[in-house]
Amino acid sequence: MQRERLTPDRIRRFSCPADAKQSFLWDTDAPRLAVRATAGAKSFIFEAKLNRQTVRVTIGDVKAWNLDDARAEARRLQTLIDQGTDPRQEKADKQAAIEARKAAAEAEQQEQQRQAVTVGEAWAAYVAARSHKWGDSHKRDHEKAIQPGGERITRGRKKGQGEYSLPGMVHSLLLEPLKDLTPERLTAWMQENNARGATEAAKNFRLLRAFLNWCAERPEYVGLVRADACRTSEVRDHVKAVKAKGDSLQREQLTLWFEHVRQLGNPVHAAYLQTALLTGARREELTGLGWADVDFQWKSLTIRDKVEGERIIPLTPYVAALLASLPRRNEWVFSSPSAESGRLQEPLKPHKNAMQAAGLPPFTLHDLRRSFGTLAEWCEVPVGVVAQIQGHKPSALAEKHYRRRPLDLLRMWHVKIEAWILEQAGIEQPGEGQAPELRVVG
């Protein structure tokens with residue numbers, strides 16, 4: 001064992017022989033201190049015996065440690081040995097403490113970031129996670145709720161609304177921390193929105209309530225949201241109760257309805273509205289109907305269904321006559337030369353005009369869908385048949401798992417429904433192979 005009193009110059013000149021992996025130069029002032037040289041580096045080390053076992057600890061690189069500090073560290077380590085403490089364990093404990101403090105600091109930083117999560121950030125995550133289960137209308141409701149507004153209104157401007165659109169009702173919350181959605185804040189939010197429209201405010205309240213319920217189940221938002229914030233009486237007292245809509249055409253109104261719809265100047269509008277009533281299809285399902293979806297030979301319509309993805313329904317005689325009479329301008333059945341998409345965009349306005357001329361209530365397009373289901377009851381049609389034609393989810397266990405009626409069976413009932421509705425309107429249903437004249441019964 002080579003021992004010399006270590007000096008900076010001796011340390012600088014000391015090197016590892018070419019035929020050795022490492023070499024040691026031991027200090028005389030601090031007997032347990034040595035310089036270890038390898039092919040590429042030199043460092044101070046401490047070596048001693050503890051419980052008859054050799055304990056070696058690397059103090060540090062000779063470039064980072066000066067000699068006096070290295071000797072002081074060696075003496076400190078010797079004191080630990082004398083006390084029966086393994087310096088390696090002490091070093092590991094220190095490192096563990098450093099890592100623990102680092103982890104705690106990172107956790108605190110992450111918690112601060114979590115506490116600062118805004119409603120807008122969580123809303124975006126919510127929409128990304130859930131929107132694949134939503135229909136197009138529900139997606140639009142969520143998009144509208146957070147719109148910043150300020151867009152120029154080009155048509156249908158309401159009195160007092162000005163020339164620019166208002167922000168969505170959830171937009172005012174987007175920059176607020178998620179943890180600040182307390183009952184008090186939501187109460188104030190509902191009061192603000194009720195001033196704009198209680199019905200729309202109630203709809204946005206339901207959107208926000210579902211959002212908060214989702215957040216409460218997510219680990220990243222635990223403790224930030226109060227899922228019961230929307231259930232407190234102080235908030236609910238400001239939510240307008242929305243009654244289920246029940247508007248539908250009555251049997252006695254069918255004559256007037258058909259008369260004025262058929263008198264519309266645009267045959268596409270007239271055909272669309274009559275088809276909507278006689279199929280019970282949703283608005284977008286019909287506006288998106290293409291000629292490729294119409295099979296005149298086998299008398300069927302392929303509907304792009306928001307629930308099932310696609311459903312096939314019968315092409316009844318009167319509807320077949322309506323569609324056959326339409327011009328084939330492009331791929332869409334209900335085409336529109338003036339629309340950028342090439343298809344009908346606003347069927348509601350002509351319907352309102354027809355209702356006004358007929359002196360009937362301002363039925364919506366969804367009311368026509370509701371009317372189909374209501375009027376079908378006069379024909380004593382099985383509920384499951386109507387649901388399958390309209391694309392409703394089966395409500396009973398047997399309907400859900402065992403009843404999928406073939407097209408021929410649906411056609412039998414659907415033709416009966418159409419014939420009964422037309423009879424009430426005084427219109428003769430075209431017969432099998434009969435030219436589609438759409439005559440009015442005298």
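Could you list, in their original order, any pairs among Lys102/Lys179; Lys42/Lys91; Lys63/Lys102; Lys21/Lys42 whose Cα atoms are separated by more than 22 Å? The partial results should precede the final answer.
Values: Lys102/Lys179 26 Å; Lys42/Lys91 20 Å; Lys63/Lys102 27 Å; Lys21/Lys42 12 Å.
Violating the 22 Å limit, Cα to Cα: Lys102/Lys179; Lys63/Lys102.
Going by Cα centres, segment 189-263 and segment 72-149 are how many Å apart? When both Cα centres are located, 37 Å separates them.
With the simple model of a label 7 Å out from the Cα in the direction of the Cβ, Lys102 to Trp65 spans 2.1 nm.
In the elastic network of the chain, a GNM with C-alpha springs shorter than 10 Å, the most mobile of Gln22, Gln390, Gln191 is Gln22.
Taken over segment 3-84, the ratio of Cα radius of gyration to 2.2 N^0.38 Å equals 1.07.
Over the chain, with a Gaussian network built from C-alpha contacts below 10 Å, which listed residue (Leu173, Leu301, Leu50) shows the highest mean-square fluctuation? Of Leu173, Leu301, Leu50, the most mobile in the Gaussian network model is Leu50.
The alpha-carbon atoms of the chain, seen along their principal axes, cover 128, 53, 46 angstrom, with the largest extent given first.
Across segment 285-296, rounded Karplus estimates of 3J(HN,Hα) from the backbone phi angles (6.51 cos²θ - 1.76 cosθ + 1.60, θ = phi - 60°) give 5, 7, 5, x, 6, x, 4, 5, 8, 9, 10, 6 Hz, Gly and Pro being marked x. Backbone geometry of segment 208-220 corresponds, through the Karplus equation with coefficients 6.51, -1.76 and 1.60 at θ = phi - 60°, to 3J(HN,Hα) couplings of 5, 4, 5, 4, 5, 4, 5, 4, 5, 9, 8, x, 6 Hz, x marking Gly and Pro. Each of Arg5 and Leu360 was given a label point 7 Å from its Cα along the Cα-to-Cβ line. The distance between the two points is 11.6 nm. Potential lengthening of the chain between Ala198 and Asn330 amounts to 43.3 nm, from the contour at 0.36 nm per residue minus the alpha-carbon distance.
Compared with the dominant Cα axis of the chain, that is its longest principal axis, helix 87-115 is turned about 30°.
On the beta carbon distance between Arg12 and Asn51, with R0 = 41 Å, the FRET formula returns roughly 0.65. Classify segment 251-425 as rounded, prolate or oblate from the Cα gyration tensor: take a ≥ b ≥ c as the square roots of its eigenvalues, call it rounded if a/c is under 1.5, otherwise prolate when a/b beats b/c and oblate if not. Oblate.
Summing -39500 (n - 2.57) over the DSSP H runs of n ≥ 4 in the chain and dividing by its residue number, what mean residue ellipticity at 222 nm do you reach, to the nearest 500 deg cm²/dmol?
After summing the helix terms and dividing by the residues of the chain, the value is -14000 deg cm²/dmol.
No value in this document is a laboratory result; all are computed from the given coordinates. Just so it is clear, the model here is predicted, and its values are computed rather than measured. Cβ: placed from backbone, ideal geometry, glycine included. Neighbour counts: every protein chain shown.
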